[in-house]
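The values are calculated or read from the model by the stated rules, or taken from the named source; none is laboratory data. Only a predicted model underlies this, so the values are computations on that prediction, with no experimental measurement involved. Because the Cβ atoms are built from the backbone with ideal geometry, glycine has one as well, and the counts that use them run over all protein chains shown.
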């Protein structure tokens, strides 16, 4: 389980598969009653609209952010300087990645390196959020685009573009 911070600075809770969590088992936290923001029902109850907690409550339940911040890192102007160079396999995937492939499969179903491509700034992934609730839609609603840097990477490695 992890959280993403919404625009209000609260923790939107997700299962490990990226789907909004609708209930949380508190069996390991008997001394805590935790309630989603705006609800008078404990997180143990079903919340079909998803669960949004204060950051303090998320911390109480040992729920970590999706991308934890490393407070020991030295600040840098180049955020990509510590990222590894992408492998030929990753660049090859970049050459063909689209939101849906010719078979109609969503990129989260067949692409193995989309997290790395995004971290390297080679693609942007759009993760829509429900405007009224602030809860992100599931992965099947995500879309992507190749960035200028990504296109440059593809252009610089024509040998990795699949033939056929």
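Applying the set (1) in a loop (DSSP other than H, G, I, E, B); (2) touching a residue at least 12 places away in the same chain (Cβ under 8 Å); (3) within 19 Å of residue 134 (Cα to Cα) to residue 39 leaves exactly one unmet item: (2). Please verify whether residue 49 is modelled with pLDDT under 90, in the same structural domain as residue 15 (by TED's automatic domain parsing) and assigned to a loop (DSSP other than H, G, I, E, B), treating the condition exactly as stated. The answer is yes for residue 49.
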